[in-house]
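Asker: Below are the structure tokens for one structure; questions will follow.
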């Protein structure tokens, strides 16, 4: 158990700190909330170890801790939680990874069937919500969600077919080697 907690701290501490401190503009409160996050990690370590996506699980724990903090503050001051604090978004990427993704993934996305290509472009590149996409494509919300899931699965298959990847136990890519043309 101790190794699992240490591993989470080593791999996700800066990520969790960025998430929480972005929403809480007070250094002391940020550290208090982070401490609460790690208490919840310790309490839920068995669930975290079984989670398919540890990063998402930790995101939810941090999200709940920030919301709880503002609820406690609200009980002292007022009962409103700012709307932008109801959910924590991942920190903005300050590097060129979005340009790289557009450069490398765009041809792969373009190779998909039009219904899947359009779904991915509208949702993942243009930033529409799935509900907005459903309305624009004249689909039910359920059908839109299914189409997006299928499109992402098809894109994943294309990505995995072009390279050989090695993943850590959290599902993060730790190495990537392009497959030789003979194998394709």
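Asker: Find all pairs meeting these conditions: Cβ atoms under 6 angstrom apart; at least six residues apart or on different chains; first residue within the range 107-123 and closer than 10 Å to residue 148 by Cβ; second residue outside any helix (DSSP H, G or I).
Answerer: As it stands, the answer is 122/128, since those pairs meet every condition given.
Asker: Could you please let me know if residue 48 is in a helix (DSSP H, G or I), surrounded by 15 or more Cβ atoms within 10 Å (Cβ to Cβ), touching a helix residue (DSSP H, G or I) at 6+ places or on another chain (Cβ under 8 Å) and at pLDDT below 85? Full working, then the answer.
Answerer: Values: in a helix (DSSP H, G or I): yes; surrounded by 15 or more Cβ atoms within 10 Å (Cβ to Cβ): yes; touching a helix residue (DSSP H, G or I) at 6+ places or on another chain (Cβ under 8 Å): yes; at pLDDT below 85: yes.
Answer is yes for this residue.
Asker: Looking only at the range 112-128, which residues are part of a loop (DSSP other than H, G, I, E, B), at pLDDT below 90 and on the phi < 0 side of the Ramachandran plot?
Answerer: In the first step, residues of the range 112-128 are kept if they are part of a loop (DSSP other than H, G, I, E, B); the result is 112-113, 126-128.
Next, from what is left, pick out any that are at pLDDT below 90: 126-128.
Of everything in the range 112-128, those that are part of a loop (DSSP other than H, G, I, E, B), at pLDDT below 90 and on the phi < 0 side of the Ramachandran plot turn out to be 126, 128.
Asker: Please state which of the following conditions residue 119 fails to meet, knowing it meets all the rest: (1) surrounded by fewer than 17 Cβ atoms within 10 Å (Cβ to Cβ); (2) closer than 22 Å to residue 161 by Cα.
Answerer: Answer for residue 119: the failing condition is (1).
Asker: So how many residues does the range 11-33 have that are farther than 24 Å from residue 173 by Cβ, crowded, with 17+ Cβ neighbours inside 10 Å and in contact (Cβ under 8 Å) with a residue 24 or more places away in the chain?
Answerer: 5
The values are calculated or read from the model by the stated rules, or taken from the named source; none is laboratory data. Just so you know, these numbers come straight off a predicted model, no measurement behind them. Methodologically, a virtual Cβ is constructed for each residue, glycine included, from the backbone with ideal geometry; neighbour enumeration extends over all protein chains shown.
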